[in-house]
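These notes concern the structure reproduced below.
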Amino acid sequence: MLTWSQLFFSLLLPAIVCGGIYAVVVYIKERVGEKISLLWLTAIAIGIGYIVGYIGIEGSVTFIPKESRHWIFYFTIFAVFSSTYWEHPGWRRTISQLIYSIALPRILLNSYFQHIWGTFEGIIWWVCLSIGIFIFWNIVKQSFSAIPSSNTSIPFIYFGISGGTALVIALSGSVRIAQHAGTLTALFTVIWILTVVLQRNMKSDSDSNSHVYSISVSPVVTFLFVGIWMNGYFYAEAPSASVLLIAVSPVFAQVGGIQVIQRLGERKSLFVQIGLIVLCVGVAVVIAVMRSGLFGQSTYY
């Protein structure tokens, strides 16, 4: 059972820090318009918010990481740095994405490569995970532009994905890793609430709907989710089916591009997109509940 102190430092304080930075970003964006690209500052809000939560959960920063989850802190810093140039297409962004996709599994799963997997098995896992990370990264980027509505829907979707992740990992028995997912849930929750409130209070012209949640946030979102999922699956024994379902759930944002769905109109199309994502995450949670044995004999997935 988490104490009030743990809840404050892992959930409330990160949300306050993230929310404060995000509100300032929206305010500045509203004042300067398109003169200056400030979209990457949203990644700063999420990154700093998570770092505050990380320290609240772990107690301190491990300068020489001993466990896989300790690396998430450093990957968050790299992701925040990368977000500063992610809006600009070119070789730097593509090469960075390839390098990160290859490096993440090798570093996070170092103990598996050294002590569990043989050379051939390790290479197979490395290749498959690297391809999976690269694909997921592109799914995240595309989901930001696939939602046919204001920015309020995007943080809501990732609030649901991070909340589902926290539940799945907690049901698998690792409260510590679930706390990291819980921090993410708190960050997306406050961003969603602030986006709803701030957009209602802004001017009604097209420029005031400040889209401060763009592809520049994708490195942070990708690194944090991948880091937590890998820890949850390989070190907390989260069901593979649950992790896979949650990981692919953002792809359902693309159904809005199907002609039949488009004919439904923007509002109904959005409902279908969010509904499918929620359904996918919900099934993942149900599988984790069945696997946990809360209602009788556990089932392996």
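The values are calculated or read from the model by the stated rules, or taken from the named source; none is laboratory data. Given the structure is predicted, the values throughout are model-derived calculations rather than measurements. Counting neighbours? That spans all protein chains shown, and the Cβs are built from the backbone with ideal geometry, glycine included. Just the protein is used for accessible areas: all its heavy atoms, side chains included, with ligands, DNA and RNA removed. Shrake-Rupley method; radii C 1.70, N 1.55, O 1.52, S 1.80 Å.
Here are the numbers for the structure shown:
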item	result
At R0 = 35 Å, FRET efficiency that the Cβ-Cβ distance of LEU7 and TRP91 yields, to 0.05	0.20
Approximate spin-label separation ARG31-GLN199, in nm, with each point projected 7 Å along Cα-to-Cβ	2.3 nm
Listed peptides 65-74, 45-54 by packing density, highest first (mean Cβ within 10 Å)	45-54, 65-74
Approximate spin-label separation ILE99-GLU121, in nm, with each point projected 7 Å along Cα-to-Cβ	3.2 nm
Potential extension, ILE64-VAL24 segment - 0.36 nm per residue separation minus Cα distance	11.0 nm
THR94 accessible area, assembled protein chains, probe 1.4 Å, Å²	70 Å²
Carbon + sulfur, % of accessible area of the chain - ligands and nucleic acids excluded, 1.4 Å	68 percent
Total lysine pairs whose alpha carbons fall under 26 Å of each other in the chain (8 or more apart, or interchain)	6
Coarse-grained scattering of segment 76-146 at q = 0.12, 0.18, 0.22, 0.26 Å⁻¹, given as base-10 log I(q)/I(0) from a Debye sum over alpha-carbon atoms	-0.39, -0.77, -0.99, -1.20
Extension reserve of the ILE258-ILE55 stretch, reckoned as 0.36 nm per residue once the Cα distance is removed	68.7 nm
Highest-first arrangement of 234-246, 129-141, 107-119, where packing means the average Cβ count within 10 Å	234-246, 129-141, 107-119
Per DSSP, loop trypsin sites (Lys or Arg not before Pro) in segment 214-285 with at most 10 further Cβ within 10 Å	ARG263
Square roots of 5 times each gyration tensor eigenvalue, C-alpha, segment 63-184, largest first, Å	26, 21, 14
Alpha-carbon gyration tensor eigenvalues x 5, square-rooted, for the chain, Å	30, 22, 21
Kirkwood Rh and Cα Rg combined as Rg/Rh, segment 153-202	1.13
